[in-house]
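In what follows, a structure is listed as structure tokens, so that the remarks can point back to it.
The values are calculated or read from the model by the stated rules, or taken from the named source; none is laboratory data. What you see is a predicted model, and the numbers here were worked out from it, not measured in a lab. With ideal geometry, Cβ positions are generated from the backbone for all residues, glycine too; neighbour counts draw on all protein chains shown. We work out accessible area using only protein heavy atoms, side chains counted, and drop any ligands, DNA or RNA first. Shrake-Rupley method; radii C 1.70, N 1.55, O 1.52, S 1.80 Å.
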Amino acid sequence: MRNLYTWLFRAAVPLILLRLWWRGRREPAYRQRLRERLGRVPVRASRAPLIWVHSVSVGETLAAVPVIEQLAARHPHWQWLVTTTTPTGSERVGAALKPLLGGRLLHYYLPYDLPECLRPFLDALRPNLLVIIETELWPNLLALCAERGMPTLLANARLSEKSARGYGRFPRLTRAMLNNLTRVVAQYPADAGRFVELGLPQERVVVSGNIKFDLDIDLGMVSEAQALAHQWRGRDHRRVWLAASTHAGEEEVVLDAFARLRCGHKSFEDLLLVLVPRHPQRFDDVARLCRDRGFRLLRRSDGGPPGPEHQVLLGDTMGELLKFYGACELAFVGGSLVPVGGHNMIEPAAWGVPVICGPHLHNFAAVAELLSRVGALAVVEDAENLAQQVRKWLEDDRARRSAGARGRDVAQENSGALLRLLEEIEKLQESAFRGVAD
């Protein structure tokens with residue numbers, strides 16, 4: 001089955017490269033560093049232990065940062081290889097990890113899952129241990145790591161029912177792939193059970209909780225968020241609604257709800273909508289959409305605070321979303337009105353901000369259940385429901401703050417997964433670094 005998969009992948013490579021070229025029309029970064037995707041990287045001269053962390057894009061990279069930060073502090077002689085698959089993920093690696101690790105950091109795109117791409121990559125860099133963040137499973141990658149005796153750990157692993165059904169369509173390939181994993185640290189028992197049902201040996205999986213609950217909001221971040229809230233609210237103390245990580249098809253719903261609030265309720269005429277699309281390549285399109293709908297728009301990248309005349313602030317900068325959550329009254333988290341599966345609702349909850357999402361939450365099903373159970377998360381279906389929920393929480397400060405406080409309690413009660421994950425990674429040290437000086 002893996003041979004068949006490999007030949008099908010080889011046949012698809014021209015189409016994959018064509019797609020990169022096509023995306024590169026609007027995002028030039030997709031046309032750059034193609035050699036890395038083919039596994040051609042410089043040979044690493046150092047013989048120091050090298051920990052390889054793979055994080056697909058922005059969300060996984062942000063989850064990986066505290067893991068790497070903690071381990072790098074404990075083991076100052078380790079070097080780090082971080083791979084991503086998207087330019088936005090690559091950008092976050094540079095911004096979040098380069099200042100932390102300096103010369104101890106190597107960063108490349110993950111090579112295509114073909115032996116002829118992976119072997120030269122592995123030969124050149126000689127990593128000792130692979131940590132994959134969440135669920136990014138490649139049959140050839142895991143097989144080649146197993147052949148070389150390199151331990152592989154799937155960290156903060158999640159597997160929705162939908163994804164499990166997809167893997168289940170190829171049982172022989174999936175079982176063989178999962179048997180090449182050394183360890184799976186799953187978020188919740190349901191995730192662990194699905195991995196076992198697909199063929200992962202029971203003794204290789206443990207449950208740790210979700211490391212995204214171990215969110216570090218320090219005093220500096222709190223101070224920045226408070227300053228931002230002061231800027232946004234202005235002298236009239238206008239209220240702020242944040243719509244974060246939105247996808248195509250969601251901005252229209254958010255703007256419809258926003259228009260309903262402003263037109264139907266005089267008390268919301270000064271409401272400020274902060275709109276943050278998930279993908280940077282869509283910033284211009286969303287700005288155009290807002291203006292076409294007749295809203296007076298300010299882009300965050302323009303600098304300066306929004307004035308009373310501005311109705312929508314477009315969050316078109318990178319790395320500021322966590323701070324934005326601390327500067328708003330309530331937050332809609334996107335990827336949930338369209339069938340993406342939802343994005344990280346733990347971040348607003350950790351700030352004590354109540355959360356609104358659409359019904360598509362399979363990527364964060366367990367988190368959504370925890371927050372819904374205490375009334376910190378409201379699920380809506382359309383623009384009318386969204387407007388009603390925003391109005392409900394903005395008109396009742398006491399209820400809104402109580403919902404936010406209960407969400408913050410959930411975030412605090414479920415922390416601790418990061419420590420458990422670090423323990424599991426360090427348990428692999430002896431086999432990973434056999435014969436390698438630490």
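Computed over the stretch 33-104, the P(r) curve from all C-alpha pair distances, binned at 5 Å from the origin, holds 3, 15, 27, 25, 19, 9, 1 percent per bin.
Residue-wise HN-Hα couplings along the stretch 404-416, as the Karplus relation 6.51 cos²θ - 1.76 cosθ + 1.60 with θ = phi - 60° gives them from phi, are x, 5, 5, x, 5, 4, 4, 4, 5, 5, 9, 6, x Hz; Gly and Pro carry x.
Using +1 at the Cβ of each Lys and Arg and -1 at the Cβ of each Asp and Glu in the chain, identify which of Cys145, His237, Tyr325 lies farthest towards the dipole's positive end. Highest projection toward the positive end goes to Cys145.
Across the stretch 212-226, no residue has a backbone nitrogen under 13 Å from the label position 7 Å along the beta-carbon direction of Glu369. Look at where the Cα atoms of the stretch 268-331 and of the stretch 26-49 average out, and the two centres are 35 Å apart. A viscosity of 0.692 mPa s and a temperature of 37 °C, combined with the Kirkwood radius over C-alpha pairs in the Stokes-Einstein formula, give the stretch 308-438 a diffusion coefficient of 197 µm²/s. Under 5 Å between amide hydrogens, built in the peptide plane, is the criterion, and for Thr246 it picks out Val276, Arg278, Gly334 among residues at least 5 positions away or on other chains.
Report the calculated FRET efficiency for Glu224 and Met318 (r = Cβ-Cβ distance, R0 = 25 Å), to the nearest 0.05.
After rounding, the FRET efficiency stands at 0.95.
Taken per residue, the accessible surface of the stretch 63-155 reaches 30 Å², heavy atoms only and a 1.4 Å probe. Remark: the stretch 202-340 carries 43 Å² of accessible area per residue (probe radius 1.4 Å; ligands, DNA and RNA excluded).
Solvent-accessible surface (1.4 Å probe) assigned to Ile217 amounts to roughly 50 Å². Based on DSSP H segments of at least four residues, each scored -39500 (n - 2.57), the chain has a per-residue ellipticity at 222 nm of -14000 deg cm²/dmol. Charge dipole of the chain (Cα centre as origin; +1 on each Lys and Arg Cβ, -1 on each Asp and Glu Cβ, all else neutral): 1140 debye, rounded to the nearest 20. Three principal axis extents describe the C-alpha atoms of the chain; from largest down they are 69, 45, 43 Å.
Once the gyration tensor of the Cα atoms in the stretch 1-154 is diagonalised, the equivalent ellipsoid follows with semi-axes of 25, 19, 14 Å, ordered largest first. Computed with every protein chain present, the accessible area of Thr85 is close to 40 Å² [probe 1.4 Å].
Could you list, in their original order, any pairs among Lys323/Lys427; Lys212/Lys427; Lys162/Lys392; Lys162/Lys323; Lys98/Lys323; Lys162/Lys212 whose Cα atoms are separated by more than 24 Å? Where the Cα-Cα span goes over 24 Å, the pairs concerned are Lys323/Lys427; Lys162/Lys392; Lys162/Lys323.
Label point of Arg288 set 7 angstrom out along Cα-Cβ; within the stretch 250-274, amide nitrogens under 20 Å from it belong to 250-256. A 1.4 Å probe, protein heavy atoms only, puts the accessible area of Ser46 near 40 Å². Summed over all non-identical Cα pairs, the Kirkwood treatment of the stretch 148-302 gives a radius of 19.8 Å.
With everything on Cα atoms, drop me the angle between helix 283-292 and the longest principal axis of the chain, reported from 0 to 90° to the nearest 10. Roughly 20 degrees, rounded to the nearest 10.
Principal-axis analysis of the Cα atoms of the chain puts helix 115-125 at an angle of about 90° to the longest axis.
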